[in-house]
Amino acid sequence: AVAGRLYSCGECGRRYRHRGSLANHRHTHRTGVFACSLCPKHFPNLMALRTHARGHR
């Protein structure tokens, strides 16, 4: 990251020091039905599914 540079989300304005952190955050704005392949649960966005999937490890 460039010293002092912040990367902003165009949808909600949240800011991050690293471009990769912003890229991860942007997944929270994707909507739809994300199904867990290990159980019958469904989630409204990809990040919620990823957070849930950690519990299966």
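Figures for the structure shown
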item	result
Output for the stretch 37-56, where each listed residue is modelled with pLDDT under 90 and exposed (fewer than 14 other Cβ atoms within 10 Å of the Cβ)	Pro44
Qualifying residue in the stretch 1-8 (condition: assigned to a loop (DSSP other than H, G, I, E, B), touching a His at 6+ places or on another chain (Cβ under 7 Å) and at pLDDT 95 or above)	no
Among residues of the stretch 37-57, those that are assigned to a loop (DSSP other than H, G, I, E, B) and touching a residue at least 12 places away in the same chain (Cβ under 8 Å), counted	5
Selection within the stretch 31-57 - farther than 18 Å from Glu11 by Cα and either touching a Pro at 6+ places or on another chain (Cβ under 8 Å) or among the hydroxyl-bearing types (Ser, Thr, Tyr) (or both)	Val33, Phe34, Ser37, Thr51
Subset of the stretch 14-23 that is surrounded by 14 or more Cβ atoms within 10 Å (Cβ to Cβ) and touching a helix residue (DSSP H, G or I) at 6+ places or on another chain (Cβ under 9 Å) - its residue that is farthest from Gly4 (Cα to Cα)	Arg14
Qualifying residue in the stretch 13-36 (condition: modelled with pLDDT of 95 or more and assigned to a strand (DSSP E or B))	yes
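The values are calculated or read from the model by the stated rules, or taken from the named source; none is laboratory data. The structure presented is a predicted model; accordingly, all values stated were derived computationally and were not measured. With ideal geometry, Cβ positions are generated from the backbone for all residues, glycine too; neighbour counts draw on all protein chains shown.
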